[in-house]
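Asker: Have a look at the structure that comes next, please.
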Amino acid sequence: MNRRDFLKLPCAFMAGCALGGLAPGVALRPARAADSDRRFVHKAMWFKQLKDKKVQCQLCPRECEIADQERGWCGNRENEGGVLKTYVYGRPVSINNDPIEKKPFFHVLPGTRSLSISTAGCNMECQWCQNWELSQFRPEQIPARFGYVSPDRMVSIASRAGSKTIAFTYGEPVVFYEYMLDIAKKSKSAGIPGVMVSNGYIQAEPMTELLKYLGAVKIDFKAYDRELYKKWCRGTLDPVLETMKLVKKKGIWLEMVHLTIPTLNDDPEEHKRLCEWVLENLGPDVPLHFTRFHPTYKVKNLPPTPPSTLERAYETARKAGIHYPYVGNLPGHEAENTRCHKCKETVIKRVGFTLLENKIVDGKCPKCGTKIPGLWK
């Protein structure tokens, strides 16, 4: 019996079957979205055919070798007779018109809205994931409540909503690569740039192709620690570092977020090493956000990050030479604001996701005329 036949077994049997490795304890729905609704099935890019109808996915560093009728690690790419298919094309499970500051992007069109979309799935499993209800499930486990949304329609929705960007976010956009790429192509032509909020766990070739159509990238950087990536995220660090270097090399705007978690990645020496790496490989102008952790998903035994820890990380970055460090998830904190790195004038004031004031004129500090790096119009 292959996987497809197994999924067609009666619901009473399926109710007792958990989907191992993705969402422990969650019953798998009968095969509806993947097996009977072909609207969302689309030929995948970036794979190689192997012997005996096997394929190797070449989208992310996992390079899953997938037998016929089976899926890769992310759960939404299936081998159909030696051809890899994505099962989430046109199948968003979340669509919201968010403030761009929520991503967070602090140097991209401040005060504007970003149509934010996601499908199911991820190619990591961060134990503290705040969007685990999306990222750690397969398509069958989340209803397709929006139906099929074509790339053209998604751009139309963004335009009608007054969104200035389309954000690929919440879950991991790498695993809905084909859908993201086609939307980004059309949104760029429409003057609504796509922005990618990602773990950065992707191969260089597909990322290079995608960057032709993106306006900005934000990397959720877990830690400058290989063991943490392996133990707590089921991934590896080095491909993420290479992705950020590639984004910078291609001239696409880049921001970094470091979710700072007590006892796991809050060591001042680690923060110092991270800042040194950023300065050497990305330069001083890449915004580096240190954001507050709140207990969630599988990490509920640790407290929220003390504000003093974030303030210390902020000072470490500032003293190291990072021009635009920030703290996040501390609404009202002074370090949410943007200050000119030369004269220290506050040029943008924020409270949480709300823009209070933007003094930047033609991309420059109004006091000293220094260029403030970012996408301002």
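Rule-based calculations on the coordinates, nothing more; no lab input. Everything numeric in this text was worked out from a predicted model, so none of it was measured. Neighbour counts are summed over all protein chains in view; Cβ atoms, including those assigned to glycine, are modelled from backbone coordinates with ideal geometry.
Asker: For each pair in LYS53/LYS230; LYS186/LYS371; LYS212/LYS342; LYS164/LYS250; LYS43/LYS298; LYS342/LYS377, compute the distance between the two Cα atoms and list the pairs where it is over 28 Å. If you can, show how the numbers build up before the last one.
Answerer: Working: LYS53/LYS230 30 Å; LYS186/LYS371 30 Å; LYS212/LYS342 32 Å; LYS164/LYS250 22 Å; LYS43/LYS298 34 Å; LYS342/LYS377 22 Å.
The pairs that break the limit, which is 28 Å between Cα atoms, are LYS53/LYS230; LYS186/LYS371; LYS212/LYS342; LYS43/LYS298.
Asker: What per residue convex hull volume, in Å³, comes out for the chain when only alpha-carbon positions are used?
Answerer: Details: hull volume 49.6 nm³, N = 377.
Considering the Cα atoms of the chain, their hull volume per residue is 132 Å³.
Asker: Compute the distance in nm between two label points, each set 7 Å from the Cα along the Cα-to-Cβ direction, one at LYS230 and one at LYS102.
Answerer: So the two model labels end up 3.7 nm from each other.
Asker: Rounded, prolate or oblate: which fits the range 253-357, taking a ≥ b ≥ c as square roots of the Cα gyration tensor eigenvalues, rounded meaning a/c under 1.5, else prolate when a/b beats b/c? Please report the intermediate quantities before stating the final value.
Answerer: Values: a/c = 2.05, a/b = 1.24, b/c = 1.66.
Oblate, since a/c reaches 1.5 and b/c is not below a/b.
Asker: Looking at the chain, what % of its DSSP beta bridges pair antiparallel, to the nearest 5?
Answerer: Values: 28 of 56 bridges.
The answer is about 50 percent antiparallel.
Asker: Gain in length, GLU334 to ASN358, computed as 0.36 nm per residue apart minus the alpha-carbon separation, to one decimal in nm? Can you show the working numbers first?
Answerer: Values: separation 24, 0.36 × 24 = 8.64 nm, distance 1.49 nm.
Computed gain between GLU334 and ASN358 is 7.2 nm.
Asker: Turning to a different aspect of this structure: List the residues whose amide H sits under 5 Å from the amide H of ALA120, counting only those 5 or more places along or on another chain, with H placed 1.01 Å from N in the peptide plane.
Answerer: Distant-sequence amide H within range of ALA120: VAL93.
Asker: Just flag the trypsin sites (Lys or Arg not before Pro) in the range 187-223 sitting in loop per DSSP whose Cβ has no more than 15 other Cβ atoms within 10 Å. Don't skip to the answer; put the middle values down first.
Answerer: Working: sites: LYS188, LYS212, LYS218, LYS222; in loops: LYS212, LYS222.
Answer by residue number: LYS212.
Asker: Report, by chain and number, residues whose modeled amide H sits under 5 Å from the one on TYR89, excluding near sequence neighbours (fewer than 5 apart, same chain).
Answerer: HIS42
Asker: Percent relative contact order of the chain, based on C-alpha pairs within less than 8 angstrom and at least six residues apart? Kindly include the intermediate steps, with their values, before the conclusion.
Answerer: On the way: 793 pairs, mean separation 44.3, N = 377.
Across the chain, relative contact order equals 12 percent.
Asker: Sticking with this structure for a sec: Quick one: 3J(HN,Hα) in Hz for the range 287-294, Karplus 6.51/-1.76/1.60 with θ = phi - 60°, rounded, Gly and Pro as x.
Answerer: With coefficients 6.51, -1.76 and 1.60, one gets x, 10, 9, 9, 10, 7, 7, 10 Hz.
Asker: Separate question: Could you list which residues have their amide H under 5 Å from that of GLY111, counting only those 5 or more apart in sequence or on another chain, with H placed in the peptide plane?
Answerer: Sorted by chain and number, the residues that satisfy this are ILE100, GLU101.
Asker: Out of the DSSP beta bridges found with both residues in the range 86-178, what percent are antiparallel (nearest 5)?
Answerer: Values: 6 of 10 bridges.
Antiparallel bridges: around 60 percent, rounded to the nearest 5.
Asker: Can you list the aspartates and glutamates whose alpha carbon sits under 14 Å from that of LYS349, skipping same-chain ones fewer than 8 residues off?
Answerer: GLU101, GLU334, GLU336, GLU357
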